[in-house]
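The values are calculated or read from the model by the stated rules, or taken from the named source; none is laboratory data. These numbers come from a predicted model, not from an experiment. Here Cβ is always computed from backbone atoms with ideal geometry, including for glycine, and neighbour counts include all displayed protein chains. Accessible surface areas use protein heavy atoms only, side chains included; no ligands, DNA or RNA. Shrake-Rupley method; radii C 1.70, N 1.55, O 1.52, S 1.80 Å.
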Amino acid sequence: MENKITSLFGIKYPIIAGGMVWCSGWRLAAAVSNAGGLGLIGAGSMHPDTLREHIRKCKAATDKPFGVNVPMLYPDLEEIMQIIVDEKVPIVFTSAGNPKTWTNHLQGHGIKVAHVIASSKFAMKCEEAGVDAIVAEGFEAGGHNGREETTTMVLIPQIKKVLTKTPLIAAGGIGTGNTMLAAMALGAEGVQIGSRFAITEESSASDEFKKLCVGLKEGDTMLSLKKLSPTRLVKNEFYQKVQEAEDRGASADEIREILGRRRSKKGIFEGDLVEGELEIGQITSLIDDIPSVGEVMKNIIAEFNDSAKRLGGLNL
Ligand SMILES: Cc1cc2nc3c(=O)[nH]c(=O)nc-3n(C[C@H](O)[C@H](O)[C@H](O)COP(=O)(O)O)c2cc1C
């Protein structure tokens, strides 16, 4: 398939592995890029030196394009952006911040920039900032989420209506060929997939976390931490603690204290399923295996093509 997203990033399939804290190291990013998608290293959980090491290992593991995701809510931003420029990373996906802050600077160094948002208002800000592509992430998604709780099904056509030129990538609840096809029917030109790639052999998440995710059913994840930054989490003991505090009207400061530091590392990377912050999306209820990235890509492409053929014959 060739479209605006494949030609923008120089990839074979318009499938992006979203940057994910504690999951998206060089192994996952390189595997996705080698399989014809776009792999992103998740800088959100890396010290600057660790990021540099992952970029170098990724370059050694693939000759295909790859990128770095930079959530703008973490420290060391200046240093991280300098490393990205110095290491000549061709693509950056920024998130959790203002698209105006870094887009021009990065583009000035020949870097393609996509920005992640969850509402039409911010999509328009991205277009004003001149980003090369926009990722619109619906409420189903794992990780940090929009306050408006708009589902991917509604968000994509809404955003399509307000954009005049920027190509759109859909995220949230996508992890199969059929969900990808649905997103493209709604007007997206590519998809960003998180949870499905978090639960693969190459993801750097702990085995405990991956195995737990495979067993999750409908309703086992919920949006939490709404007073801080809304995040979709598995309903474990830590989630219940936050929920109780939110229900009795605890202040943002109190919830920040309950969250403490390095909660997501504890949960996702170290496998503490009780006290850890377990970020994952609704689509886990459809996931029942821990395959390689190659297998995931093969299955998505096969299902996408079969369904596209089947639907091609539909007529009302
Ligand atoms: C464990 C986990 C960690 C994530 N960390 C980040 C992150 O650091 N930066 C970011 O922009 N998005 C992050 N996300 C969101 C993903 O990049 C992606 O947009 C989202 O997972 C897509 O929805 P899906 O989970 O339904 O596929 C994370 C998602 C998960 C599941």
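DSSP beta bridges confined to the chain are antiparallel in about 20 percent of cases.
Once the Cα-Cα distance is subtracted from the 0.36 nm per residue extended length, the residue 161 to residue 104 segment shows a gain of 18.0 nm.
If R0 is 25 Å, the Cβ-Cβ spacing of residue 218 and residue 295 corresponds to a FRET efficiency of close to 0.55. Using θ = phi - 60° in the Karplus curve 6.51 cos²θ - 1.76 cosθ + 1.60, the 3J(HN,Hα) couplings for region 34-39 round to 5, 8, x, x, 10, x Hz; x is entered for Gly and Pro.
Computed over the Cα atoms of the chain, pair by distinct pair, the Kirkwood hydrodynamic radius stands at 19.4 angstrom.
The listed residues 153, 222, 20, 1, once ranked by accessible area (1.4 Å probe) with the largest placed first, stand as 153, 1, 222, 20.
Placing one identical point scatterer on every Cα of region 2-79 and ignoring solvent, what is log10 I(q)/I(0) from the Debye formula at q = 0.17 Å⁻¹? Scattering profile of region 2-79, log10 relative to I(0): -0.60. Annotation: amide H of residue 193 within the under-5 Å range of 16, 17, 18, sequence separation 5 or more or interchain, hydrogens built in the peptide plane.
Just flag the trypsin sites (Lys or Arg not before Pro) in region 122-208 sitting in loop per DSSP whose Cβ has no more than 16 other Cβ atoms within 10 Å. Here the sparse-neighbourhood loop sites are 147, 165. In terms of distances greater than 32 angstrom between alpha carbons, the cross-link table entries 12/100; 125/298; 226/309; 217/266; 64/226 yield 125/298; 226/309; 64/226.
Taken along its three principal axes, the alpha carbon spread of region 116-208 comes to 43, 24, 24 Å, from the longest extent down to the shortest. Kirkwood radius, region 217-282, all distinct C-alpha pairs, inverse of mean reciprocal distance: 11.8 Å. Sequence-distant contacts, meaning Cα pairs under 8 Å at least 6 residues apart, place the relative contact order of region 217-282 at 36 percent. Just how far, in whole angstrom, is region 259-316 from region 94-173 if you go by their alpha carbon centroids? Going from one Cα centre to the other spans 21 Å.
Here the average projected area of the convex hull drawn through the C-alpha atoms of region 166-286 stands at 8.6 nm².
Label positions at residue 2 and residue 63, each projected 7 Å from the Cα along the C-beta direction, are separated by 2.1 nm.
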